[in-house]
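Asker: Below is a structure I'd like to ask you about.
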Amino acid sequence: MMQDPIRIVLAKIGFDGHDRGLKVVARLLRDAGFEVIYLGLRQTTDAVVAVAEQEDADAIGLSIHNGGHLTLAPRMVAAVAERELEVPVIVGGIVPDRDIQALLDSGVAAVLGPGTSAADVVAVVRTTVAPE
Amino acid sequence: MSLRDLTVPELLDEARSGDRRAIGRLLTLVERGGEAADQVAKLTHPDAGKAHVVGITGAPGAGKSTLTGRLAAGLAATGHRVAVVAIDPSSPLNGGAILGDRIRMDEPIHATEGADPNNVFIRSMATRGQSGGLAVAVPGAVRLFDALGFDPVIVETVGVGQIEVDITAASDTTVVVVTPGWGDAVQANKAGLLEVADIFVVNKAERPGASDARRDLELMLDLGGHPAWRPPILMTTAVDNVGIDEVSTAISTHLGHLRESGEIDTRRGVRARSEVATRLHAFLLTRVDETMATTEGEQVLADVDDGTVAPVEAAHRLSNYI
């Protein structure tokens, strides 16, 4: 049987209007055969988790360009855990190198910073989503 | 508890007790097809048949998702538990998809007073190779929602052209969404999508040409004689929540008509038979592949390669093994 396509929810949280990057990522994941549930701008943590639940998503991709990654990403990880979902949270956008370890320590599964190649984005999402 | 360790009957128990994760998981199994999906289909069949299944279809960009979101929000605010299956196309090149319907649905639901988001369940689905405007898993997903007590179940098709009318075989009531400037009276009388509407919605009705669109549809309906149900034509500006209540009312009026006239049984009979046919077709395709891979199959195919047997003759011979 053919393997299910990987389903990923892509969103930006709150006051952060830079969605060009997320659109690029959505497109390159689509071209790599993913099913992308695209939520785009101005989402809330709870709304994204509710969507991940309904869509039985394999991963949540958060794009953050407003400097709030150390607050927003751990909050998302906690909300996912609280709903007892087994969905890894991947963070992309502008994340300074010095913050990457803190994000990983908080439970973020992977960080895709500036300069990550298209191939690496696809590869990281694939390996993050544990094969069933 | 990890949902992945649960059996289908266990997942159904969790889903019935309101666990939305279990519903999401069951929908994944339905989409995957195969044994687990068949099990879901069999176990949900006895409880299904109560929900009003509403199809929303129309051209890309007509406003189907916005309309669907507004309808779902209104229904949830009046105490309904609503399910939405929102379909977008898979790439024919790589199988990927961008499922972007619900981006226009979640917000009005959260913004509508009295609409509990927990009373709405939206699932995005990619067509995964199916043409006709739907995904293969739609009947199974609709049956699951129905059995879990969601009513109505709204199915939003991919953006369609003129001939993708599979939705009529999947729903009780078909709503066709058009916009000003979509065409003229000649377009309106062409065969296809417009023939299958139970309700017309002219969305973006604040734009120029809305009354022309309405007139052309009226003319088309006038030429159709006097059917027992004449599809109403409703004007909406879904993005501003204008005209949505009227659409909702028309949808329930149509359900009343289906029940009074007995047509609901006819339509559901057609739906059940169409699902049997689809299943049989899939079964036969598998059998065809299997037969061609047997020893007899290989022999006949070798004769075709030699040019000693015509392809049509080879097909006749192998059909005996199917």
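The values are calculated or read from the model by the stated rules, or taken from the named source; none is laboratory data. Model, not experiment: these values are computed from the prediction. Every residue, glycine among them, receives a Cβ derived from its backbone with ideal geometry; neighbour counts consider all protein chains shown. The protein model used for the area step is the full one, side chains on, heavy atoms only, and it has no ligands, DNA or RNA in it. Shrake-Rupley method; radii C 1.70, N 1.55, O 1.52, S 1.80 Å.
Asker: With point charges of +1 on the Cβ of Lys and Arg and -1 on the Cβ of Asp and Glu, referenced to the Cα centre of the protein assembly as shown, which listed residue (B:Thr7, B:Asn320, B:Ile103) lies farthest in the positive direction of the dipole?
Answerer: Most positive-ward Cα: B:Ile103.
Asker: Sort chain A into rounded, prolate or oblate with this rule: let a ≥ b ≥ c be the square roots of the eigenvalues of the Cα gyration tensor; rounded if a/c is under 1.5, and if a/c is not under 1.5, prolate when a/b is larger than b/c, oblate otherwise.
Answerer: In terms of gyration-tensor shape, rounded.
Asker: Over all directions, what mean area does the Cα convex hull of the stretch B:1-106 project, stated in square nanometres? Before the final figure, lay out the partial values.
Answerer: On the way: hull surface 34.9 nm².
Result: 8.7 nm².
Asker: Another one. To one decimal place, what orientation-averaged projected area in nm² is obtained for the convex hull of the Cα set of chain B?
Answerer: 20.6
Asker: Right, something else. How large is Rg over Rh for the stretch B:50-142, taking Rg from the Cα atoms and Rh as the Kirkwood inverse mean of 1/r across Cα pairs? Can you show the working numbers first?
Answerer: Working: Rg = 13.6 Å, Rh = 13.9 Å.
So for the stretch B:50-142, dividing Rg by the Kirkwood Rh gives 0.98.
Asker: When the helix-only estimate is applied to the protein assembly as shown (DSSP H runs of n ≥ 4, each -39,500 (n - 2.57), divided by the residue count), what is the mean residue ellipticity at 222 nm, nearest 500 deg cm²/dmol?
Answerer: Helix contribution divided over all residues of the protein assembly as shown: -14000 deg cm²/dmol.
Asker: Next question, about the same structure. Carbon and sulfur together cover what percent of the accessible area of the protein assembly as shown at a 1.4 Å probe radius?
Answerer: Of the solvent-accessible surface of the protein assembly as shown, carbon and sulfur hold 54 percent.
Asker: Pull out a ≥ b ≥ c, the square roots of the eigenvalues of the alpha-carbon gyration tensor of the protein assembly as shown, then state rounded if a/c is under 1.5, prolate if not and a/b is larger than b/c, and oblate in the remaining case.
Answerer: Here the protein assembly as shown falls in the oblate category.
Asker: Another question about this same structure. Based on the Cα gyration tensor of the stretch B:183-322, what are the three equivalent ellipsoid semi-axes, each the root of five times an eigenvalue, rounded to whole Å and given largest first? Could the numbers behind the result be given before it?
Answerer: Numbers: eigenvalues 508, 80, 45 Å².
Square roots of five times the eigenvalues give 50, 20, 15 Å.
Asker: Separate question: What does the stretch B:70-219 give for Rg and for Dmax, in Å, if only its C-alpha atoms count?
Answerer: Taking only Cα atoms of the stretch B:70-219, I get Rg and Dmax of 16.4, 45 Å.
Asker: So, for the protein assembly as shown, what is the accessible surface per residue at a probe of 1.4 Å, expressed in square angstrom?
Answerer: 47
Asker: Moving on to the next point. How much net charge surrounds B:Arg268 when only the other residues with a Cβ under 12 Å from the Cβ of B:Arg268 are counted, with Lys and Arg +1 and Asp and Glu -1?
Answerer: Around B:Arg268, the charge tally is +1.
Asker: Charges on Cβ only, +1 for Lys and Arg, -1 for Asp and Glu, centred on the Cα centroid of the protein assembly as shown; of B:Leu148, A:Pro88, B:His257, which one is farthest towards the dipole's positive end?
Answerer: Farthest along the dipole direction, towards plus: B:His257.
Asker: At a probe radius of 1.4 Å, figure out the B/A buried accessible area, summed over both chains, and give it in Å² to the nearest 100.
Answerer: For B against A, buried area totals roughly 2500 Å².
Asker: Would you pull out the residues with amide H under 5 Å of B:Met125's amide H, same chain only if 5 or more places away, H placed 1.01 Å from N?
Answerer: B:Ala86, B:Ile87, B:Asp88
Asker: Can you compute the charge dipole magnitude of the stretch B:171-275 about its Cα centre, using +1 on each Lys and Arg Cβ and -1 on each Asp and Glu Cβ, nothing else charged? Give it in debye, rounded to the nearest 20.
Answerer: 240
Asker: Now for a separate question. List the residues of the stretch A:15-55 that lose 50 Å² or more of accessible area once all protein chains are present, compared with their chain alone (1.4 Å probe, heavy atoms only, no ligands or nucleic acids).
Answerer: Hits at the 50 Å² cut-off: A:Arg30, A:Glu35, A:Tyr38, A:Glu53, A:Gln54, A:Glu55.
Asker: Through the Karplus equation 6.51 cos²θ - 1.76 cosθ + 1.60, θ set to phi - 60°, convert the phi angles of the stretch A:14-23 into ³J(HN,Hα) values in whole Hz; use x for Gly and Pro.
Answerer: x, 8, 7, x, 8, 10, 4, x, 5, 5
Asker: While we're on this one: Quick check: from the Cα gyration tensor, does the stretch A:81-125 come out rounded (a/c under 1.5), prolate or oblate?
Answerer: Numbers: a/c = 2.97, a/b = 1.39, b/c = 2.14.
Note, shape of the stretch A:81-125 comes out oblate.
Asker: While we're here: Size of the dipole of the stretch B:228-322 about the Cα centre, Lys and Arg at +1 and Asp and Glu at -1 on the beta carbon, nothing else charged, in debye to 20? Mind showing how you got there, number by number?
Answerer: On the way: 9 positive and 15 negative charges, 130 e Å.
With Lys and Arg at +1 and Asp and Glu at -1, about 620 debye.
Asker: Let me ask something else about it. Just how far, in whole angstrom, is the stretch A:98-132 from the stretch B:88-115 if you go by their alpha carbon centroids?
Answerer: If we compute the Cα centre of each part, the gap is 25 Å.
Asker: Separate question: At a Cα cut-off below 30 Å, give the lysines reachable from B:Lys42, other chains included and same-chain residues fewer than 8 away excluded.
Answerer: Qualifying lysines at Cα under 30 Å: B:Lys50.
Asker: Please get the size of the charge dipole for the stretch B:15-117, origin at its Cα centre, with Cβ charges of +1 on Lys and Arg and -1 on Asp and Glu, quoted in debye to the nearest 20.
Answerer: 120
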